[in-house]
Structures are given as structure tokens and as C-alpha cells.
Amino acid sequence: GFSPILRLYNLEITQDQSPDFAHSLQELDITLDIPQSLFQRQFIINRIIIDELSLLLVEDETGTWNLSGFETSENNDIEPLLNTLFNTSRLQISEAQLVLQSFNATRTELNNIYLDIQNRRDDHQAQLQFRLNNQDSPVEMSVRLDGEPLGTYSATAYLDFDNLELLPILGNTISEQFDLLSFNSSGQLWTEFDNQSLNQIQGAVQELNFSA
């Protein structure tokens, strides 16, 4: 069928809040589903492909996170964005970077992000992989959800990590309190949950190392 593609290349946004960082996008492809768009009388997206996206999120004094250089919106309703996400047949993000800058200016990076989300009616699947602060081994995560993501659903999730340095996750307070120089671990985590509660969680740790 007729499926036009909207394509954007080489976008870069500089801002005064963090002049050492620029939001950037190498390529964005959006494929529209014209038959469904005409049938539903609104734009229906069939596929979104994002390549080499870099974003910086900053925390303010209230603990709120925002995109650097953009003012906080009074309307924080993300439901329209989630509706678009869960009604898109496939979303693929590759070689992305997300930088989180806390209020005390500490930065944590998620590098080499790969995200693949597939939606088929009530079946929603996601695969996520990233490197925390450019560590050698990636963190891998998969989620499968059955039902309506914004309504009634059941889901399972799996997390795998190998020799993951945990100090960036624990924060400076804990590392200073115990005088930790390094703290890494390898293991897996499984969980089952639904729209009402966390039903089950299991974990396995193969290795745990720390030095002080």
C-alpha cells in the first residue's frame, strides 16, 4: 500500500543551560499508515526509526527532570505520547545516548542505547540494551505486555547484567559512607506484574565484587 516516509537528517540543538552539550539526531524516519489514517481520521504511524539520538536531562531543585534548555511545561500529561507509542507498529532506536545530570551536577550516561518496541494489538514487546557510563558489558532488558498498556494488562520483564559497576546507581552518599572505590555485580532479574501490583520478583547473582 501507499506508505509515505517523513525523513529528517542531522538535527542539532544547542542551549545555554548546558553549553558543553548539544541535543542531536542523525536520522529520523517516520512511516505513515495511510489506509488506517483515512479510516480513523487521524495520522496513524506504522514505523519510527531513530538513529544516533543524544539527549541531556537535567534535575532542578525540586527533583523534577526536564530536557536541558527547555522550560518545564505546566501540562505534564504524557498520555497522548504513550498512546502514539503503543499504537505504532514498531519503534527502533539505535546508537542513542541519554545523559542524566542531577541537581548537584553529577552526570550519569546511558550509551549505545538500542531499543526495539513492537506492538501487535494486545501484544506489546520491547527489547532494550545500553552501556552504563560506557562500561564494557551492556545491560540487557526485555518486556512483554499483554492487554492495554494504559488500562488492564499483565506483563513479564527480564534484566541481565554482567560485571556492572553499581556505584553510579548507588550514588555518592552510599559510596562515601562505606568508602567504596568499586562495586560491581553480575546477575539476572525476573519479574511479573500487572496494572494493579507487582506479583512476583526473582533474582540471581553470579558475582559480587567490591573494594574500599
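The values are calculated or read from the model by the stated rules, or taken from the named source; none is laboratory data. This structure is a prediction, so every number in the text was calculated from the model and none was measured. With ideal geometry, Cβ positions are generated from the backbone for all residues, glycine too; neighbour counts draw on all protein chains shown. Just the protein is used for accessible areas: all its heavy atoms, side chains included, with ligands, DNA and RNA removed. Shrake-Rupley method; radii C 1.70, N 1.55, O 1.52, S 1.80 Å.
Per the helix-only calculation at 222 nm, which mean residue ellipticity applies to the chain, given -39500 (n - 2.57) for every DSSP H run of n ≥ 4 and division by its residues, nearest 500 deg cm²/dmol? It would help to have the intermediate numbers written out before the result.
Numbers: 4 runs with 25 residues, N = 212.
After summing the helix terms and dividing by residue count, I get -2500 deg cm²/dmol.
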| query | Label points 7 Å out from Cα along the Cβ direction at residue 163 and residue 134: separation in nm? | reply | 1.7 nm
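Applying a 10 Å radius around every beta-carbon, put 119-129, 194-204 in order of their mean neighbour count, most first. Present the calculation step by step, with values, prior to reporting the outcome.
Working: 119-129: 14.3, 194-204: 10.4.
Top to bottom by mean Cβ count within 10 Å: 119-129, 194-204.
Quick one: putting +1 on the C-beta of Lys and Arg, -1 on the C-beta of Asp and Glu, what dipole do you get for the chain around its Cα centre, in Debye to the nearest 20? Spell out each step's value before the answer.
Numbers: 9 positive and 32 negative charges, 149 e Å.
Charge dipole, the chain, about its Cα centre: 720 debye, nearest 20.
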| query | If you work out Kirkwood radius over Cα pairs in Å from the coordinates, which of (1) 18.0; (2) 19.1; (3) 19.7 do you get? | reply | (3)
| What distance in nm separates the simple spin-label points at residue 107 and residue 89, each placed 7 Å from Cα in the Cβ direction? | 3.9 nm
| request: Take the Cβ-Cβ distance between residue 180 and residue 152 as r, set R0 to 35 Å, and report the resulting FRET efficiency rounded to the nearest 0.05. | output: 0.25
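Got a sec? What order do 169, 93 fall in by accessible area at 1.4 Å, biggest, i.e. largest, first?
I get 169, 93, largest accessible area first.
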| remark: Amide H neighbours of residue 17 at under 5 Å, excluding residues fewer than 5 places away on the same chain, with H built from the backbone geometry, are 69
| For residue 15 and residue 43 in one chain, what is 0.36 nm times their gap in residues minus the Cα-Cα distance, to one decimal in nm? | 7.0 nm
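Which value, in Å², gives the accessible area per residue of the chain when a 1.4 Å probe is used on the protein heavy atoms?
On the way: 13820 Å² over 212 residues.
Accessible area per residue: 65 Å².
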| How far is it, in nm, from the label point at residue 52 to the one at residue 207 when both lie 7 Å from their Cα along the line to the Cβ? | 3.3 nm
| task | Rank 86, 108, 132 by how far each Cα sits towards the positive end of the charge dipole of region 63-143 (+1 on Lys, Arg Cβ; -1 on Asp, Glu Cβ) and give me just the farthest. | result | 132
| note | Full extension between residue 77 and residue 127 adds, at 0.36 nm per residue less the Cα distance, a length in nm of 15.5 nm
| message | Taking the Cα centre as origin and putting +1 on Lys and Arg beta-carbons and -1 on Asp and Glu beta-carbons, what dipole magnitude results for region 1-113, to the nearest 20 debye? | response | 620 debye
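Given a 1.4 angstrom probe, I'd like the percentage of the accessible area of the chain that is carbon and sulfur, rounded to a whole number. Could you put the intermediate results ahead of the total?
Details: 7130 of 13820 Å².
That share works out to 52 percent.
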